[in-house]
Every structure is written in C-alpha cells, then in structure tokens.
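What follows draws every value from the coordinates through simple rules; no lab data is involved. In this text, all values refer to a predicted model and were calculated from it rather than measured experimentally. So basically every Cβ, Gly included, is an ideal-geometry build from the backbone, and we count neighbours across all protein chains shown.
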Amino acid sequence: MRAIRIHQYGGPEVLAQVEMQRPTPGPNEVLIKVKAASVNPIDWKLRAGHMKDVFPLTFPTTLGLDVSGTIEEVGPGAARFKRGDEVYVSLEAGSGGGYAEYVVAKETIVAEKPSTLDHVQAASVPVVGLTAWQALFEVAQLRADQKVLIHAAAGGVGIFAVQFAKAKGAYVIGTASSRNQAFLGDLGVDKAIDYQKTRFEDVVHDADVVLDTIGGDTQERSFKALKKGGVLVSIVQPPSQELAAKYGVRALFYGSHPSSSDLTEIARLIDSGNVKTVVETVLPLAEARRAHKLSESGHARGKIVLKAA
Ligand SMILES: NC(=O)c1ccc[n+]([C@@H]2O[C@H](COP(=O)([O-])OP(=O)(O)OC[C@H]3O[C@@H](n4cnc5c(N)ncnc54)[C@H](OP(=O)(O)O)[C@@H]3O)[C@@H](O)[C@H]2O)c1
C-alpha cells in the first residue's frame with residue numbers, strides 16, 4: 001500500500017511517499033481502507049519534534065490521526081463492525097498511521113461516520129470535534145445559561161466549539177482576524193471579535209468559560225475576560241495557577257482522547273443538521289508536504305484533508 005512516512009524529525013520535506021506492507025488487524029482491531037485523512041496541527045508538531053518529550057516517535061512512522069473510510073477486515077474477537085461499514089476515527093496520538101491507504105485501529109475507538117457527510121468531510125471531524133466536545137462539556141461543563149469565549153473560532157477546533165456551544169444554548173463570543181469576521185457570523189457566534197483591532201479583554205469581562213486554542217499572551221490576557229468562579233480550558237499549554245488564584249477562577253490544560261461514544265454523539269448532531277464541518281482544502285495523499293505547510297501557516301479556515309482513494 002502507499003503511505004506517507006517520516007524517517008526523522010524535520011521540516012515538511014521529511015514527509016515521503018513509500019510502498020509498504022498492508023497492516024493486519026490484531027485481536028479486537030479493525031483494518032480500515034482509508035478514503036480520506038485530515039491534517040491537524042499535532043501532525044506537524046510531531047513531525048518537527050516539538051512534542052518528542054510527550055509523544056516520542058519511533059522511526060519510520062506514519063503520521064495522521066483523523067481517518068474516514070470503510071472496514072476492510074476485522075481481527076480476532078472484533079465484533080462491532082463488518083466489512084464495508086463506513087466509519088470514522090480519531091487514532092491514538094502515540095500511534096497515528098492515517099496518511100496511508102490502510103490503517104489498523106482498536107474497534108473500541110471507531111464509530112459509524114455521519115451518514116450525511118462524504119468521507120472527505122467526515123475525515124475533517126474527529127480530532128477537532130472530540131477536542132471541542134470534551135473541553136466544553138467534560139471539562140468546563142458548559143451550560144445553556146452561560147457565556148463562552150472561543151479563541152481561533154475560525155480554526156478547526158473553534159468551528160466545532162462555536163457550533164456545539166450554540167447547540168447547547170450558550171452565548172458565544174469568537175475571535176478571529178478581520179478576514180474571518182463574516183465567516184464567524186455565518187457560523188452563528190453571538191459576538192465576533194477582530195483580534196487585529198480589539199483587545200478581547202477590553203470588551204469581555206464576564207465569560208463563564210474561555211476555550212484557549214492559542215496560548216502565550218492570549219492565554220494570559222484571557223484571565224481578565226472571565227468572571228469570578230469561571231474556568232479557562234487551554235488545549236495548548238498549561239495555564240498559570242498563580243493567575244488562576246489571583247483572578248479567582250479555575251484554569252486547566254486538556255488533551256483530548258479518542259472516544260467512539262463521543263464520535264457517535266457528534267455524528268448525530270451533524271446528521272440532524274445542527275452542526276456542519278468546514279473543509280478549506282482537499283489534496284491528494286501525495287501532497288502531504290503542501291498540506292503541512294498550509295496548516296503550519298496558522299491561518300487555515302476549517303480543515304485540510306488528504307484524499308487517499
Ligand atoms: N490538546 C488537544 O487535545 C488539542 C487537540 C486539537 C488541537 N490542539 C491544538 O489547538 C490549537 C488549535 O488547533 P486547530 O486545529 O483549531 O488549529 P488551526 O485550524 O490550524 O487554527 C487556525 C486558526 O487560528 C486562528 N488564529 C491564529 N492566530 C489567532 C489569534 N491570535 N487569535 C484568534 N485566532 C487566531 C486563525 O484565524 P485567522 O486566520 O482569522 O487569524 C485560523 O482560523 C493547535 O495548537 C493544536 O495543536 C490541541
């Protein structure tokens with residue numbers, strides 16, 4: 001089968017297309033014929049070696065956590081799916097393997113893909129959908145009567161976070177650059193903030209929840225946007241506990257985890273028409289280098305997807 005592999009840490013040029021043996025599903029695993037795999041910032045952070053203390057890679061390795069495709073084969077004891085089922089999955093960060101024509105996954109993390117999406121669209125959902133879902137509802141426990149500030153609302157995670165929070169009934173404030181202000185309106189935010197023109201902490205002081213997808217200075221300033229007793233959830237770096245104490249809020253770092261049941265719930269919301277995905281760019285698998293460069297620009301609107309078949 002074809003796969004895009006890396007043999008060392010480095011820039012996009014270390015991504016290379018190779019021919020390799022098709023994997024075989026072990027006990028309680030399924031073999032998925034990949035139709036599409038999406039690119040997430042973690043892919044290029046892993047490639048560049050930025051995450052080697054948390055997720056050290058063993059070379060050669062195949063990157064890619066988000067996959068949509070069909071079940072090709074089931075391993076011993078795997079009973080949830082049968083050949084031909086259309087599925088999507090967020091693979092485990094340490095294993096990956098999605099930039100390939102076939103990938104093996106534990107059956108417990110796989111879910112039926114949303115029936116209203118094609119495979120390119122479905123592949124764009126798992127990591128960002130799960131992250132937004134778990135950060136807002138498992139960690140921050142966002143309620144309908146609350147106000148949430150979502151940074152990078154036009155990015156992969158932000159697009160889902162805005163729509164999930166709106167579907168819950170919350171009041172949603174999103175940040176993006178000037179070019180994305182109308183886009184945020186279309187997504188359904190109650191208030192869009194242009195971070196190039198306005199310091200968000202000058203206009204938001206009473207958020208119950210902040211979802212930090214940026215870190216650094218944006219994270220520090222986010223404390224001022226929270227009301228006392230509020231919660232800051234960062235998906236990029238552990239927030240300062242000194243600042244949390246100073247402002248009387250909770251502040252946590254959160255790393256999402258694969259979950260078949262959460263993916264099923266997300267598929268239900270998508271199929272009900274309440275949540276949509278936004279795919280900005282579709283490229284063939286062979287153009288993974290270009291896809292990484294686009295993602296590394298930090299200004300993708302929605303998702304970049306690699307088509308395997
Ligand atoms: N912990 C976890 O489990 C987890 C899971 C998923 C992602 N992440 C991390 O979360 C981050 C976001 O992921 P993603 O997939 O959403 O990334 P992404 O799609 O690449 O985000 C791109 C978006 O960021 C926006 N942006 C850039 N600078 C901004 C700023 N200063 N203020 C507001 N918006 C800004 C851009 O909007 P403009 O073009 O308008 O600037 C663009 O739409 C990444 O660092 C990723 O690694 C963590």
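Pairs of alpha carbons in the range 191-276 separated by more than 15 Å make up 63% of all such pairs.
Quick one: length gained pulling K52 to M20 fully straight, 0.36 nm per residue minus the C-alpha distance?
On the way: separation 32, 0.36 × 32 = 11.52 nm, distance 2.47 nm.
Separation in residues times 0.36 nm, less the Cα-Cα distance, equals 9.0 nm.
For the range 212-294, what relative contact order do you get, as a whole percent, if you take Cα pairs closer than 8 Å and at least 6 residues apart?
Details: 72 pairs, mean separation 17.4, N = 83.
Result for the range 212-294 is 21 percent.
Under the simplified labelling scheme, the H205-K224 pair shows an inter-label distance of 1.1 nm, with each label point 7 Å from Cα along Cα→Cβ. Take the Cα of K246, step 7 Å toward its Cβ, do the same at D186, and the gap between the two points is 4.0 nm.
With both labels modelled 7 Å from their Cα along Cα-to-Cβ, the N274 to E138 distance reads 2.0 nm. When DSSP beta bridges are restricted to pairs lying wholly in the range 60-186, around 65% turn out antiparallel.
Under a 5 Å amide H cut-off, with hydrogens placed 1.01 Å from N, S259 pairs with S90 among residues at least 5 apart or on other chains. Applied to the range 141-148, the Karplus parametrisation 6.51 cos²θ - 1.76 cosθ + 1.60 on θ = phi - 60° returns per-residue 3J(HN,Hα) values of 6, 4, 10, 4, 8, 10, 10, 10 Hz, with x for Gly and Pro. Cross-link check: pairs K35/K113; K45/K276; K35/K303; K147/K168; K33/K82; K147/K224 evaluated at a Cα-Cα cut-off of 21 Å; pairs beyond the cut-off: K45/K276.
For the range 116-153 versus the range 235-309, the inter-centroid distance based on Cα atoms is 8 Å. For the range 128-253, averaging the sequence separation of C-alpha pairs within contact (under 8 Å, six or more residues apart) and dividing by the residue count gives a relative contact order of 21 percent.
Can you give the % of DSSP beta bridges in the chain that are antiparallel, to the nearest 5? Could the numbers behind the result be given before it?
On the way: 32 of 57 bridges.
Around 55 percent antiparallel, to the nearest 5.
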